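**Q** Got a structure here, written out as structure tokens. Questions coming.
The values are calculated or read from the model by the stated rules, or taken from the named source; none is laboratory data. Computed from a predicted model, the values in this text were never measured in an experiment. Here Cβ is always computed from backbone atoms with ideal geometry, including for glycine, and neighbour counts include all displayed protein chains.
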């Protein structure tokens, strides 16, 4: 096997062996100096938040490091080291066999960090026939039957309460009137109710608030989720202004699980939207409403309201 420095075989006391050992020693020493000098550039670059004690020693440390560089330069340019380097170069040129470098190459390429969550695969959905409200409208509700209807409605929906907001209870009911609809710990909605020419009660406007917000009915909620919900409910009511009061109240009960329902759009399936971070406040009536199961989105087998994020409905 070839060595860094080729020399004839000699006895331990021969001048050739002594000279070879001296050259190896000088190269070993200058190699050790080189390793020290290589660390100096990173040590000179001090962070901006250097402590007070480090600042006091900065000049001394820098002077010592620059002295190491000067000493290394003097050692490399000395006749002793230059002679050893020349002998090593001549030896390498004579025989380069068995000079195998087994050190693995370091991969300095910057690796990209993995994304915290892979995006969902887009699934194109076929358009489905939908309507804003059920087609089977109940019989018209008139003002004289409103009190009895609200009693039955509240009895059949334990978590829901609907009642007329009256400033003077001694006076009888008259239109227009204000109806307060509330789902316990979820939402409160004020409905402006009036009569049609046929004396049927219809809803003209709606304003949604958080369940514990103390604000007048003509204002708006301080929370974006209830502002968006007000827009969606009002849009549906104004699209079909003659829809009955009973249908609207049944529709509002679909918000009972507002903060736990997932969006029905298959490519979404989230509770909070990715864009606005609000729950699915939009509703679409379907004769075969779909529901989320552990196996995915499945047909529920019965009519009902499907929840959507407003942005998912526009896609």
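**Q** What's the total number of residues in region 266-293 that are over 30 Å from residue 222 (Cα atoms) and under 23 Å from the mean Cα position of the chain (by Cα)?
**A** Counting residues in region 266-293 that are over 30 Å from residue 222 (Cα atoms) and under 23 Å from the mean Cα position of the chain (by Cα) gives 3.
**Q** Quick one: residue 312 ticks every box in (1) part of a loop (DSSP other than H, G, I, E, B); (2) farther than 22 Å from residue 159 by Cα; (3) within 31 Å of the chain's Cα centre (by Cα) except a single one, so which number is it?
**A** The number of the failed condition is (1).
**Q** Would you tally the residues in region 270-282 being touching a strand residue (DSSP E or B) at 6+ places or on another chain (Cβ under 7 Å) and free of Cβ contacts under 8 Å to residues at least 40 places away in the same chain? Before the answer, list the steps.
**A** Residues of region 270-282 that are touching a strand residue (DSSP E or B) at 6+ places or on another chain (Cβ under 7 Å), as a first pass: 280, 282.
Pick out the ones that are also free of Cβ contacts under 8 Å to residues at least 40 places away in the same chain and you get 280.
Total satisfying the criteria: 1.
**Q** Now for a different question. Against the definition (modelled with pLDDT under 85 and assigned by TED's automatic domain parsing to the domain that holds residue 198), how does residue 166 come out, yes or no?
**A** Details: modelled with pLDDT under 85: yes; assigned by TED's automatic domain parsing to the domain that holds residue 198: yes.
For residue 166, the condition - modelled with pLDDT under 85 and assigned by TED's automatic domain parsing to the domain that holds residue 198 - is met.
**Q** Can you name the number of the only condition in (1) within 31 Å of the chain's Cα centre (by Cα); (2) closer than 23 Å to residue 195 by Cα; (3) buried (at least 20 other Cβ atoms within 10 Å of the Cβ) that residue 235 fails?
**A** (3)
**Q** Filter region 298-315 for residues that are surrounded by fewer than 16 Cβ atoms within 10 Å (Cβ to Cβ) and within 13 Å of residue 262 (Cβ to Cβ) and give the result.
**A** 298
**Q** Which of (1) surrounded by fewer than 21 Cβ atoms within 10 Å (Cβ to Cβ); (2) without any contact (Cβ under 8 Å) to a residue 24 or more places away in the chain; (3) touching a helix residue (DSSP H, G or I) at 6+ places or on another chain (Cβ under 7 Å) is the odd one out, the single condition residue 205 does not satisfy?
**A** (2)
Residue-wise test of (1) over 19 Å from residue 207 (Cα atoms); (2) touching a strand residue (DSSP E or B) at 6+ places or on another chain (Cβ under 8 Å).
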{"residue": "231", "(1), (2)": "no, no"}
{"residue": "261", "(1), (2)": "yes, yes"}
{"residue": "268", "(1), (2)": "yes, no"}
{"residue": "296", "(1), (2)": "yes, no"}
